[in-house]
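Report on the structure given below.
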Amino acid sequence: MSHGRNDVIEAMRGLAVALVIAYHLGWAHGGFVGVDVFFVISGFVVASSIRRRRETEAFRISTFLGRRIARLGPALALLLIFVALTAPLLGPIGSLGVTRQTGLAATAGGANLYLLANRVAYGQLDNERNALLHTWSLGVEEQAYLAAAVATAACLRLRLGRSLIRRTVLISVAASAFIWWALADPTGTGAWWPQGHAFFNPAMRIWQLGLGGWLALHAPAPWRPHPAWGWGGVASIGLGAILADSIDGRAGVVAATLGAALAVRSAPAGETAAFLRPAVALGGVSYSLYLWHWPLLVYSRALDPSRTWLPELAAVALAIALATCSTRYLERPLRSSIERRRVVVGSGLAALTAAGLFVVAPLNPLAFSAPGADTYRLQLAPHPDETSGCRWQPLRDAPDGPCEINPEGNRTVALIGDSTAGQLMHGLAELAVANDFRVVVATAGGCPAADVDIMVGGAGDRCRRFVSDNLRDAGELGASVVVLSTATPVYVGSDEFGLGRGHALVDETAEKASLVIAGIGRTTQEAADLDLAVLYVEPVLPIGSWNARACAGVLAAHAPNACAVSRHLHDRSSSESALLEAQRDAVTGAGGVTVDLSDALCPGGECRTRDDAVGWLRRDAHHLSIAGSELAGDMLVRTLEDILNQPMEPS
């Protein structure tokens, strides 16, 4: 085992990649701070390299960047080619588009900028199926290297003294850290600053990379820190992971960043402790392991929709094996090659090859030409409220008129609510003409048909006003019945939504349930006061975190039942049953009618995501497919007929 600072840095890299993998496995929700550790290490190592080489040779931007490309390029290019070839088959079929675009951006060192431009939030499930999501951190580092090269060249040209440079870097670190702290969203939901900026914006990482660089530039000689400094740094990183999980993401990031800074500046003399050797060994392959573990985890989940632990552990084991091979047989030989120019050119050609493969990925015949793939695309297509521009459109005063089905119908029905209302539009459209219905539609994803405010997520009282305004407009457009629907279990059970009314934030499950149920009752009463009969469609039985878009391309095309799961109505938990009963009571107590679609969608009480005769019935755990909407539409129309044929009581 070698002596000196390299072992400490390798151990820190091993700890960082272990935290990231634990985070991606769901074992340590604060493990994302491992990336912050990586940034500090990168800043320290690169600045140390510049400082050492300045003592023996002139600094050239091309030489510096060439070394970084030779270090990072070959392994990254190999991974990108692998993902371009395998994503159409092994990756989630619904995420191929974003994976391709991220891959194309990654070939140019800009994956983070692509994700930032598309307002991606790191923790959203759809984005977590992007097999190249993790390349955002490489984009940040590559852009930092370019900025460091230009800044170094400018300092040398201006002949700035080392003391001035150190002070300038320190001031930049402090300013960047202050801005990051002020703007980063501790809730991680983007309520007042888009969460993507905290992850993907390179300006938000200056303080971490710069802190590592400042430590390298400010190294006093000789430097003999006490070994306790290193252990304190490790403890601070662990504390950061705990804080990020349980208290405040920002506090966790700061603790981990400072811990990494303390650790990399601590190089205890003597033999590395035996129990640290696994961390040092893991650190030696940390770069390739970081590259390989995430796509393989994404693939394991796409091939195993039930999300059992064994395939995920097998994916991590395979990633370690591939990382070891990549490090030993690709990275190290090329890194030590004296023909650096050939390595750089070869990496560039490999990246271009990957880009070309990403372009033609949708043409893969094994995944996209089979009959099953066509059925998948048709039945799991977006619902009409998404494709026809009905989302967030008012029933009156819309630029292109109201969003409606069968304008010539003699009986007007309004459909209002969130995406669980929007999913009913296709089923109603299929039957509107035959039943002489005119259906006017106003839906908004993430906006419950309830008198509550979305306090986390940026909507505020916009949703409440959207529903209330469209209830009034529905009456003025001649509607006699309004169909409402809300994904009540999602708003109550998901951390993504913090609810309130006025300025009070409610995020405890029991309080959220009471607030939503009371809001549903008030909205039903508001509709009744407008002489609108209310049909409140109950949410379908949730089926875990299942999503048809997460199915591997090869399974969706050739073995779709392998991606299907089911849940029996009897498996509904007591809290789910209590929430459903409370919603029914709130609606009926205000004079409304509820309808449970289970009779149409769950024959024998078994709610399946796919039926051999019909095809896909669900898009995800909470939403119907096109075929599912058609089944629901028939039951929905029968209920509407019953309501319309009843004599209206005088108001």
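Pull up the DSSP beta bridges for the chain and report the antiparallel fraction as a percent, rounded to 5.
So the antiparallel bridges amount to about 45 percent of the total.
Taking only Cα atoms, what is the 0 to 90° angle, nearest 10, from helix 340-360's long axis to the longest principal axis of the chain?
Taking the Cα atoms of the chain, the angle to 340-360 is about 10 degrees.
Using Cα pairs closer than 8 Å and at least 6 residues apart in sequence, work out the relative contact order for the chain, in percent. Display every interim value, and only then the final one.
Numbers: 1176 pairs, mean separation 105.7, N = 651.
Reported as a whole number, the value is 16 percent.
Using a cut-off of 11 Å between beta-carbons, work out the net charge of the residues near ARG205 (Lys and Arg +1, Asp and Glu -1, ARG205 not included).
Surrounding charge for ARG205 is -2.
Using Cβ-Cβ distances only, list the Cys residues of the chain with no partner cysteine under 4.7 Å, sorted by number.
CYS155, CYS325 - these cysteines have no disulfide-compatible partner (Cβ-Cβ under 4.7 Å) in the chain.
Please give the helix 286-303 orientation as an angle from the longest Cα principal axis of the chain, in degrees from 0 to 90, rounded to the nearest 10.
20
Take ASN118 and ASN645, extend 7 Å from each Cα along the Cα→Cβ direction, and tell me the distance between the two endpoints in nm.
Those two pseudo-labels are separated by 5.0 nm.
Taking the dipole about the Cα centre of the chain, with the C-beta of Lys and Arg at +1 and of Asp and Glu at -1, give me whichever of ALA450, GLY591, LEU380 is farthest to the positive side.
Comparing the listed Cα positions along the dipole, LEU380 ranks first.
Suppose a student asked you for the relative contact order of region 470-575, using Cα pairs under 8 Å spaced at least 6 residues apart; what percent would you report?
On the way: 80 pairs, mean separation 31.7, N = 106.
30 percent.
If you add up the charges near SER485, with Lys and Arg at +1 and Asp and Glu at -1, over every other residue whose beta carbon is less than 10 angstrom from its beta carbon, what do you get?
Charge balance in the 10 Å sphere: -2.
Please give the length that would be gained between LEU170 and ILE247 if that part of the chain were fully extended, namely 0.36 nm times their separation in residues minus their C-alpha to C-alpha distance (nm, one decimal).
Working: separation 77, 0.36 × 77 = 27.72 nm, distance 2.82 nm.
This chain segment gains 24.9 nm when fully extended.
List the longest stretch of the chain that has no exposed loop site; here a site is one of the GluC sites (Glu not before Pro) assigned by DSSP to anything other than H, G, I, E or B, with at most 16 other Cβ within 10 Å.
58-270
Magnitude of the Cβ-charge dipole of region 567-651, K/R +1 and D/E -1, about the Cα centre, nearest 20 debye?
Here the size comes out at about 260 debye.
What is the sum of charges around CYS602, taking Lys and Arg as +1, Asp and Glu as -1, for the other residues whose C-beta is under 15 Å from the C-beta of CYS602?
On the way: positive: ARG567, ARG572, ARG608, ARG610, ARG618; negative: GLU538, ASP571, GLU576, ASP596, ASP599, GLU606, ASP611, ASP634.
Net charge around CYS602: -3.
For GLU508 and SER574, FRET efficiency with R0 = 22 Å and r from the beta-carbon atoms, rounded to 0.05?
0.75
Need one word for the chain: rounded, prolate or oblate. Basis is the Cα gyration tensor (sqrt eigenvalues a ≥ b ≥ c); a/c below 1.5 gives rounded, then a/b vs b/c decides.
Verdict is prolate for the chain.
Which one of TYR145, LEU158, VAL98 is farthest out on the positive end of the charge dipole of region 86-175, using unit charges on Cβ (Lys, Arg +1; Asp, Glu -1) and the Cα centre as origin?
LEU158
With unit charges on the beta carbon (Lys/Arg positive, Asp/Glu negative), name the residue among GLY110, ASN645, ILE626 whose Cα is farthest towards the positive pole of the charge dipole of the chain.
GLY110
Would you mind checking which residues have amide H under 5 Å from GLY91's amide H? H placed 1.01 Å from N; only 5 or more apart, or other chain.
Amide H neighbours of GLY91: GLY553.
Between LEU65 and ALA182, what's the calculated FRET efficiency when r is the beta-carbon distance and R0 is 35 Å? Round to 0.05.
FRET efficiency, LEU65 to ALA182: 0.60.
With each label point set 7 Å from Cα along the Cα-Cβ vector, what nm distance links LEU85 and SER306?
Here the modelled spin labels are 3.2 nm apart.
Given 0.36 nm per residue, what is the gain on full extension from THR324 to ALA235 after removing their alpha carbon distance, in nm?
Net length gain for the segment: 29.3 nm.
Taking R0 as 41 Å, what FRET efficiency do you get between ALA203 and ALA562 from their Cβ-Cβ distance, rounded to the nearest 0.05?
0.40
Between GLU430 and ASP531, what is 0.36 nm times their sequence separation minus the Cα-Cα distance? Round to one decimal in nm.
Values: separation 101, 0.36 × 101 = 36.36 nm, distance 2.70 nm.
Once the chain is fully extended between GLU430 and ASP531, it gains 33.7 nm.
Report, in debye and to the nearest 20, how large the dipole of the chain comes out about its Cα centre when Lys and Arg carry +1 and Asp and Glu carry -1 on their Cβ.
On the way: 52 positive and 57 negative charges, 1067 e Å.
Using Cβ point charges on Lys, Arg, Asp and Glu, the chain gives about 5120 debye.
Each value in this text was obtained by applying a stated rule to the coordinates, not by laboratory testing. Computed from a prediction, not measured in an experiment: that's the story for all the values here. For neighbour counting, all protein chains shown are included, and Cβ atoms are generated from backbone atoms with ideal geometry for every residue, glycine included.
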